[in-house]
Amino acid sequence: MQQRLTRYLTRARDTFGGFTAGQKAVAVIGTAALLIAVFMVFRWVSTPSYAPLYSNLSGTDASAVIEELDSQGVPYEIAGGGGTIMVPRSEVYSTRITLSGKGLPASTDGGYSLLDKQSLSTSESQEQTNFKRAMEGELAKTVEAIHGIDTAVVHLAIPEKQVFTDEQAPPTASVLIDTEPGTSLDDGQVQAIVHLVASSIDGLEPKNVTLTDASGELLTTDESTDGGVGAASARSKQVAAFQDSMQADIQAVLDRVLGPGNSTVTVTADLDFDKAVTDSRTYGTQENMPPLSESTTNETYAGPAGSMTDGAGGTVGPDGQMDPVTTGTGDSSYKNTSKTRDNALDQTVEHREKAPGSINTLHIGAVLDSTAAAAIQPQVVKDLISNAVGINAQRGDTIDVTTMAFDRSAEESAAAELAAAKAADAAARRNNLLRNVGIAGGIALMVLLAWLQARRRAKVRDDARAYLVEQLRTDAASRTAQLEAPALAALESSEKDEEESMREELIALVDRQPDDVAALLRGWLVEPRP
């Protein structure tokens, strides 16, 4: 076995020694690449898959957990800026149960767990402070649960309630957030955070909540209106969206008429954001409609008539004199008729609420390229825009259309730079393609040459080996005929061993030096036999 292994190593050494310099380089590089690939695959297979054991740990908890993992000999990795500890996936649950049995992780970053440590000796001031810290911690955790927010810090200012006063100082809150990379909060998310914090504290109004990001930018405004926090910003965005929409519509019409880049439009709108409520009550009646209710009263009197006398039994008048007494000298009558009718009335009660966002005034300015608009009258374009957007002169709307020559230098420069960039990209792609093709062709040529040379050497080796074996067989046959039969039987075994050994040595010689062996055989062929 040892001799066979030695023979194989010798043959491999001799074969490698017969390679050219290029073949040796290819063989060395290929062998090294194969060994590296095998090593990487073995390492990848043997490396365990890690999964998070704990996340968002404090420094104290992380240190205690790592110390315990070192004592148990459990491999681990630290990620997430030191707050996440990862262990092999197959050991996550067993390790977590073991650490929980030892009270790890033990510390906390706040929340209602702070209230668990209070005792009977806790003062009122300390109790209020712990309650405020607990609320801040719980609100911070709640805000961090929103998608896109990495870290949140909440500070509450809750004043003490005054007993003998009607007006209490309102509570306030400030929130500092740090978003994930590449993430920003929109107005809706800002409003959600503000109202979330305001609804969690008794007496806290949204206008008293301040929201700031990690860069120091204030996300809320100080203005408090019916629209809520940030109403001014929302109104500005609404106006900008209305102007952009109308400008895009007008620009699309002008581009179809004059072509792209031959006109520009500016729209300025004044929108009414006042909310108006109107209540009105109207009464009306219809003819020939029966009354709801009607009443009639008649009074009739008949009796003797009275006459004037100067008797002492008169009535004192306004001047203090006694009026004469009237005595009846004939008949008298009295008649009174009263009628009351309640007619039905139509009553209309109207409650009208005017939504904000109506247009107060609209101002449009358009500039046309004089070259492109040479055959178009500006008044035609003005009428077209006016009819398209509904310009109302009585409302105070204005529109102005002007023609002038456009400066095309920037467009021409940009077009030239774009063409140059495209040409450079095309040239770079072409050069890369040629380089890759050249490299691939060179490698293919080297492989082909190496294969042809190896094939030629193998053919020469096979021919030399076959001829040499044939010559040996011929010589052995001639020697066998000359030997006597008893001697042949005695030497048969030793000759077989020597022949096998000689054949292996000749094969190794052919593998090491095929060209020299071929030259030797050619010399034997041309030599004359005796």
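The values are calculated or read from the model by the stated rules, or taken from the named source; none is laboratory data. If you're wondering where the values come from, they're calculated on a predicted model, not measured in any experiment. Cβ: placed from backbone, ideal geometry, glycine included. Neighbour counts: every protein chain shown. With ligands, DNA and RNA removed, areas are computed over all heavy atoms of the protein, side chains included. Shrake-Rupley method; radii C 1.70, N 1.55, O 1.52, S 1.80 Å.
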Area accessible to solvent at Y301, 1.4 Å probe radius, in Å²: 120 Å²
Whichever lysines have a C-alpha closer than 24 Å to that of K102, once near sequence neighbours (fewer than 8 apart) are set aside: K117
Solvent accessible area, Å² - D255, 1.4 Å probe, full protein context: 50 Å²
Residue-by-residue Karplus 3J(HN,Hα) for region 384-393, coefficients 6.51, -1.76, 1.60, Hz, glycine and proline x: 4, 5, 4, 6, 6, 9, x, 5, 10, 5
Sequence-distant residues sharing a close amide H with L53 (under 5 Å, placed H): I85, M86, V87
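Quick one: ranking R408, R456 by accessible area, 1.4 Å probe, largest first, what do you get? Don't skip to the end; give the middle numbers.
Values: R408 60, R456 125 Å².
Highest to lowest solvent-accessible surface, that is R456, R408.
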Karplus (6.51, -1.76, 1.60) ³J(HN,Hα), θ = phi - 60°, over region 77-91, in Hz, Gly and Pro reported as x: 9, 10, 9, x, x, x, x, 10, 10, 10, 10, x, 4, 6, 10
Table column - 3J(HN,Hα) (Hz), region 248-258, Karplus curve with 6.51, -1.76, 1.60, x for Gly and Pro: 5, 5, 5, 5, 5, 5, 5, 5, 5, 7, 9
Euclidean distance between Cα centres, region 139-166 to region 384-424, Å: 51 Å
Of all accessible heavy-atom area on region 382-451, the percent that carbon and sulfur account for (1.4 Å): 63 percent
Under-5 Å amide H pairs with F273, H placed in peptide plane, nonlocal only: G357
Residues whose placed amide H lies under 5 Å from that of T264, excluding near-sequence neighbours: V367
Accessible-area value, M446, 1.4 Å probe, nucleic acids and ligands omitted, Å²: 120 Å²
Of the GluC sites (Glu not before Pro) in region 142-208, those whose Cβ has at most 15 other Cβ within 10 Å and which sit in DSSP loop: E160, E167
Proximal lysines to K275, defined as alpha-carbon separation beneath 30 angstrom and excluding residues fewer than eight positions away on the same chain: K207, K237, K354
Cβ charges +1 (Lys, Arg) and -1 (Asp, Glu), total dipole of region 369-476, debye: 1280 debye
